[in-house]
Amino acid sequence: MAKRIGTGTILLTRPPVILGAAVVGTSKEAQGPLAKELTYVFTDATAGAKTWEQAESVLHGEAVRRALDAASLRPEQVDLHLGGDLLNQCMATTFGVRALHMPLAGVYGACSTMALTLALAGVLTDSGAVRVAAASTSSHFCAAEKQFRMPLEYGGQRPPTSQWTATAAGAAVIGTEGSGPRIEAVYFGRIEDCGVTDSANMGAAMAPAACETIAGFLRDTQTQPQDYDMILTGDLGVVGTRLLLELLRSQHGLSVERVHADCGLMLYDLQSQDVHAGASGCGCSAAVVCGYILRRLREKRLRRVLFAGTGALLSGVSPLQGESVPGIAHAVLLTDGEGRR
């Protein structure tokens, strides 16, 4: 049975194993530093579909299918699929995996969705309620711009604080038995709202939530930053990362610079690719974690990674109502599977 410690950390007594994972992207992602981590690349952002939304569904479905292949499992062997995205009513997930006919729980955590689906899958498999779970998410630059801002045809200029929504999808298959990276602990974050109203500055909106989740997890587990090979956030970008490091120092006396990395700064080359303050979107952290991180855990090049996925909880409607942009962060402790340390 899982053990709850401190204010919000859940230690999994039978840490579930990640049996397989996959990352699907497009030519934009294939031009970045993590190109070799992509399982499959669509050369065109339409992915052969008629609309941007349909294209995201294609990416999402492809990632789930390839993750199942990597785990040598069939859809009917999955007890529960936890999936979500940024589009209204999680439509990219629904239409992307409907043909697989797996039990589906739609999940929304904005850009924290990959961490949230992994955390939920970990708790459910550890409890014995689920034997095999799939966790997935996706995003698409053009679909997100259309829903949250303006269609690309509008031609609006993006401010320097804005981030580029990744056109990518990631999926992982989690089971109770097997070998490979494991989910050892999770932390479900609380909403932190510091009054940021600029929806083009999501890094600043999400940084306080990342700060409280990371500090809370370290406090609950009585660990220090140096106990981890990496403390990974996703996806704060340039602005949010600077703010996070400052908040951790000033509010909690924590210095994480030596082990910190951010998915929003890893997926693209900020110098050669025009992404302004970095990458964002559900597909950003999904691509980094389901590719780069899990592969290095399998290869023992990383041993312990605390992944704190961040999300800006706004909609296309909330800014029009004068609402601020609340942030949230959920954390998952990923290990190489060699047991607790």
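Every residue in segment 65-110 that is of a type in the set (Lys, Arg) and closer than 16 Å to ALA21 by Cβ, please.
Taking segment 65-110 and keeping what is of a type in the set (Lys, Arg), we get 65-66, 74, 98.
Selection gives ARG65, ARG66.
With respect to ARG296, determine if the residue is farther than 30 Å from THR197 by Cβ and free of Cβ contacts under 8 Å to residues at least 12 places away in the same chain.
Details: farther than 30 Å from THR197 by Cβ: yes; free of Cβ contacts under 8 Å to residues at least 12 places away in the same chain: yes.
Criteria met by ARG296.
Here are some conditions: (1) at pLDDT 95 or above; (2) within 24 Å of LEU59 (Cβ to Cβ). GLN251 meets all but one. Which one does it not meet?
Status for GLN251: all satisfied but (2).
Please return the ranges of helices (runs of 4 or more DSSP H) entirely within segment 38-129 where 2 or more residues are modelled with pLDDT of 95 or more and basic (Lys, Arg). Spell out how you get there, then give the answer.
Numbers: elements: 52-70, 91-97, 113-127.
Filter on segment 38-129 gives 52-70.
Quick one: is SER318 assigned by TED's automatic domain parsing to the domain that holds ALA200, polar (S, T, N, Q) and touching an Asp or Glu at 6+ places or on another chain (Cβ under 6 Å)? Give the derivation first.
Values: assigned by TED's automatic domain parsing to the domain that holds ALA200: yes; polar (S, T, N, Q): yes; touching an Asp or Glu at 6+ places or on another chain (Cβ under 6 Å): no.
Taking the combined requirement at face value, the residue does not satisfy it.
For segment 192-203, which positions are out of contact with any Phe, Trp or Tyr (no Cβ under 8 Å at 6 or more places or on another chain) and surrounded by fewer than 24 Cβ atoms within 10 Å (Cβ to Cβ)?
From segment 192-203, those out of contact with any Phe, Trp or Tyr (no Cβ under 8 Å at 6 or more places or on another chain) are 192-198, 200-203; that's our starting set.
Of everything in segment 192-203, those that are out of contact with any Phe, Trp or Tyr (no Cβ under 8 Å at 6 or more places or on another chain) and surrounded by fewer than 24 Cβ atoms within 10 Å (Cβ to Cβ) turn out to be GLU192, ASP193, CYS194, GLY195, VAL196, THR197, ASP198, ALA200, ASN201.
Can you name the number of the only condition in (1) touching an Asp or Glu at 6+ places or on another chain (Cβ under 9 Å); (2) crowded, with 17+ Cβ neighbours inside 10 Å; (3) modelled with pLDDT of 95 or more that ALA143 fails?
(3)
Mind checking which residues of segment 270-299 are out of contact with any strand residue (DSSP E or B) (no Cβ under 7 Å at 6 or more places or on another chain), assigned to a loop (DSSP other than H, G, I, E, B) and either crowded, with 24+ Cβ neighbours inside 10 Å or charged (D, E, K, R) (or both)? Even if it seems obvious, please write down each step before you answer.
Taking segment 270-299 as the starting set, the residues that turn out to be out of contact with any strand residue (DSSP E or B) (no Cβ under 7 Å at 6 or more places or on another chain) are 270-274, 292, 295-296, 298-299.
Now drop any that are not assigned to a loop (DSSP other than H, G, I, E, B), which leaves 270-274, 299.
Selection gives ASP274, GLU299.
Go over the candidates LEU267, LEU302 one by one and state the one that is over 11 Å from the mean Cα position of the chain (by Cα), crowded, with 24+ Cβ neighbours inside 10 Å and at pLDDT 95 or above.
On the way: LEU302 fails: crowded, with 24+ Cβ neighbours inside 10 Å.
Going through LEU267, LEU302 in turn, just one is over 11 Å from the mean Cα position of the chain (by Cα), crowded, with 24+ Cβ neighbours inside 10 Å and at pLDDT 95 or above: LEU267.
Okay, residues lined up against (1) surrounded by 24 or more Cβ atoms within 10 Å (Cβ to Cβ); (2) in a loop (DSSP other than H, G, I, E, B); (3) assigned by TED's automatic domain parsing to the domain that holds GLU37:
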position	(1), (2), (3)
GLY156	no, yes, yes
GLY170	yes, no, yes
ARG190	no, yes, no
ALA205	yes, no, no
ARG219	no, no, no
GLN226	no, no, no
THR233	yes, no, no
VAL239	no, no, no
LEU247	no, no, no
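Scan segment 211-269 for residues that are closer than 17 Å to CYS284 by Cβ and among the aromatic types (Phe, Trp, Tyr) and jot them down.
Within segment 211-269, just TYR268 meets the criteria.
The values are calculated or read from the model by the stated rules, or taken from the named source; none is laboratory data. Everything quoted here is computed from the prediction, not taken from an experiment. Because the Cβ atoms are built from the backbone with ideal geometry, glycine has one as well, and the counts that use them run over all protein chains shown.
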